[in-house]
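These notes concern the structure reproduced below.
The values are calculated or read from the model by the stated rules, or taken from the named source; none is laboratory data. Keep in mind it's a predicted model, so treat the numbers as computed, not measured. Every residue, glycine among them, receives a Cβ derived from its backbone with ideal geometry; neighbour counts consider all protein chains shown.
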Amino acid sequence: MPKSPSRRLVIDASIAGTAGDKRKLHSAGKRCRDFLEAVLVICHRMVWTPEIGKEWSKHQSSFSRKWRTRMYARKKVDCVELPDEDTLWRRLETVEATDEAREEMLKDCLLIEAAMATDGCVASLDDRARRLLGRASEHVSELRGIVWVNPDQPEEHAIAWLEGGARPETGRMLGHAC
């Protein structure tokens, strides 16, 4: 059987912070740990930008820090420098939304920009941002093809998705609902 193609995944600090206590066997922490371990052993890579690094430094658990070290050791971290453009930010600021919703979308813009610069895949626990960005994709076409997976939602079968090559399935795309 041919090896699955390697995908570059933008992994939100929400996962890094939740993948903590190994004593919790049936929790979000376990699901996040299992997801990170699957990324490590399957052929996928992690996207790293200076902005993502700042968020990880604030939120990562001891497990996540060690996992990231192992990813670097296996040369499975792609450091990406994003251009100093604020085109996406400006487009999101024009979307009809409450100030709170707009702020939420802009907060996660760093994930979207990194995904747009690589393979278009985001892993995050933030379902509220996912919904808001999904609605915004009606007006911001660049968002439509971004794949978003939440490893804490068992019905999303995130590890099976990784094992299957992390393909950009329509149902996982932000623009799917529009």
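Could you please give the count of residues in the range 115-149 that are in contact with an Asp or Glu (Cβ under 8 Å, 6 or more places away or on another chain) and either under 14 Å from ILE11 (Cβ atoms) or among the polar types (S, T, N, Q) (or both)?
Here the count works out to 8.
Within the set of pairs 6 or more residues apart or between chains, which connect a residue that is touching a residue at least 12 places away in the same chain (Cβ under 8 Å) inside the range 159-171 to a residue that is part of a helix (DSSP H, G or I) and of a type in the set (Asp, Glu) with Cβ atoms less than 8 Å apart?
Pairs found: ILE159/ASP34.
Take the conditions in contact with an Asp or Glu (Cβ under 9 Å, 6 or more places away or on another chain), under 21 Å from ARG45 (Cβ atoms) and either of a type in the set (Lys, Arg) or surrounded by 12 or more Cβ atoms within 10 Å (Cβ to Cβ) (or both) and apply them to ILE159. Does it pass?
Spelling it out, ILE159 is indeed in contact with an Asp or Glu (Cβ under 9 Å, 6 or more places away or on another chain), under 21 Å from ARG45 (Cβ atoms) and either of a type in the set (Lys, Arg) or surrounded by 12 or more Cβ atoms within 10 Å (Cβ to Cβ) (or both).
So which of MET71, MET46 ends up being without any contact (Cβ under 8 Å) to a residue 40 or more places away in the chain and under 21 Å from PRO168 (Cα atoms)?
MET46
Scan the helices (runs of 4 or more DSSP H) fully inside the range 82-174 and keep the ones with 3 or more residues being farther than 26 Å from PRO50 by Cα.
158-163
All but one of (1) surrounded by fewer than 19 Cβ atoms within 10 Å (Cβ to Cβ); (2) modelled with pLDDT of 95 or more; (3) farther than 25 Å from MET173 by Cα hold for GLU37, so report the exception by its number.
That leaves (3) as the condition not met.
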